[in-house]
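Asks: The structure under discussion is supplied below as C-alpha cells; questions concerning it will follow.
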Amino acid sequence: MAHDALDAGPGKMAPAEAQKITGQVTRLSVMVAATLVIAKLIAWIASGSVAMLASLADSGLDLVASLTTFFAVRYAASPADKEHRYGHGKAEALASLLQALLVALSAGYLIHESWNRFQDPQPIEAGPLALGVMGLSIVLTLGLVYMQTRAVKQTGSLAVSGDRAHYFADLGSNVVVIGGLGLALAGLERADPIMGFIVVLWLFWTAYEVGRDAIGSLMDHELPDEEREHIIALAGDDARVLGVHNLRTRASGPFIHIQMHMELDPDLTLTQAHAILVAAEARVMVAYPAADVLIHPDPKGRAAPHGNAYFDDADQPSAGPADEPA
C-alpha cells in the first residue's frame, strides 16, 4: 500500500513537509470520526438498529484509531535521540497494528450482537433519522478518504494508510447499513442483523490488511524491488563506482534506512574514496530526502571477506561495469 509505486513511499519527502501533510489529514480524521460518533449514537438510541450499532462501534474505534494516528505521526517524525538512534518512525507501524487489533475486537463483539438480534428480531424505529445519519456519514467519509489518499500518495505514511483503510471499510459498511435499514423498514426485520454480519466480514478483512502491512514494517521488510533497483542505479551513476552489492533497506515511518557496499578502485586515496561515497549519498538523497544512507567502500578485487555472512544476500541486484564478487 504505502510502498507500491516509485512516486509514493517513505523517504521521498523532507520530514518537516511530510509531518505537515500527515498532521493536517490526521487532525481532519479525528474531527470527522468525532462528528460521526455523535450522530450515530443519536441515531442508534432513536432506532435501536443493530446494524446502526455496528456502524457506531466501528466509528467509535475509528475515533480511537484516529487519535492514535494523530499522535503517532507526530512522534514518528521527531528527530532521533540518544535512546533511539534510528529515529521513532516505527511508531506509525505500531499505531497501525493497534488499529488492526481494535477493528478485529470490534468485529468479534458485533458477531455476538448480530446473532442475538437475528434470533430475536426487533422493529426498527426512527428509520428516516438513521438513514439521514448514514447519508451524512457517507458524504463526510468520502471527503476524508479523498484527503487521506492524497496524503498517502505524497508521504507514503503507513499510519495514514491504515487509518484510510478504516474509512474505506466505513464506506462499505454504511452502504450495507442503509440497505439493512431499508429492508427492515419494508418489513424484513432479520435483514438488519444479516447486514450486521456483512459489516463484521468487512471489518475482519480490513483488520487483516492493516495488520499485515504493520507487521511487515515492524519486521523490517525490504522495500519493493523497483525501489531497490532505483537506489542501486542512483548510487552507481558514476564511472568511478565499479559495483554496488549487499544493499539493505527498510522503512520506518516517514524515513528509510539504506546500507550498501560500494566497489572502488583499490588505488584511490581515502580522501578520493570518501568524495565518491559522499557524491553517491547525495544522489540517493535527492530522490529520498528522508533517507539515512550508509555506504561501505570495498577495494575492487582486494576486499577480504568481512561482516556477518548471515546478513548477505547473493540474489540481490547489483550495478557497475563488473558485478562479479570482489
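Asks: Examine segment 305-324 for a residue that is open to solvent by less than 40 Å² (accessible area, probe 1.4 Å), outside any loop (DSSP other than H, G, I, E, B), under 29 Å from residue 10 (Cα atoms) and at pLDDT 90 or above, and state whether such a residue exists. Break it down stepwise before answering.
Replies: Taking segment 305-324 first, the residues open to solvent by less than 40 Å² (accessible area, probe 1.4 Å) are 316, 319-320, 322.
Keeping just the survivors that are outside any loop (DSSP other than H, G, I, E, B) gives 319.
Adding the requirement that they be under 29 Å from residue 10 (Cα atoms) leaves 319.
Subsequent filtering for residues that are at pLDDT 90 or above retains none.
Checked against the condition, which is being open to solvent by less than 40 Å² (accessible area, probe 1.4 Å), outside any loop (DSSP other than H, G, I, E, B), under 29 Å from residue 10 (Cα atoms) and at pLDDT 90 or above, segment 305-324 yields no hits at all.
Asks: With the requirement that a residue be within 12 Å of residue 167 (Cβ to Cβ) and touching a residue at least 40 places away in the same chain (Cβ under 8 Å), what does segment 56-69 give you?
Replies: The answer is 58, 59, 61, 62, 65, 66, 69.
Asks: Which residue pairs have Cβ atoms under 9 Å apart, sit 6 or more places apart or on different chains, and have a first residue in segment 129-141 that is open to solvent by less than 10 Å² (accessible area, probe 1.4 Å) and a second that is at pLDDT below 80 and of a type in the set (Val, Ile, Thr)?
Replies: Sorted first by the residue in segment 129-141, then by its partner, the pairs are 130/124; 130/177; 130/178; 134/175; 134/177; 134/178; 137/177.
Asks: Which one is modelled with the lowest pLDDT, of the residues in segment 42-59 that are under 16 Å from residue 201 (Cβ atoms) and open to solvent by less than 10 Å² (accessible area, probe 1.4 Å)? Spell out how you get there, then give the answer.
Replies: Of all residues in segment 42-59, those under 16 Å from residue 201 (Cβ atoms) come to 50-51, 54-55, 57-58.
Imposing the further condition that a residue be open to solvent by less than 10 Å² (accessible area, probe 1.4 Å) reduces the set to 50-51, 54-55, 58.
Details: 50: 69, 51: 62, 54: 69, 55: 69, 58: 71.
Taking the candidates together, the pick is 51.
The values are calculated or read from the model by the stated rules, or taken from the named source; none is laboratory data. All values reported here derive from a predicted model rather than from experimental measurement. Note that we place each Cβ from the backbone using ideal geometry, even for glycine, and neighbour counts take in every protein chain shown. Remember, those area values only see protein heavy atoms, side chains included, never the ligands or the DNA or RNA. Shrake-Rupley method; radii C 1.70, N 1.55, O 1.52, S 1.80 Å.
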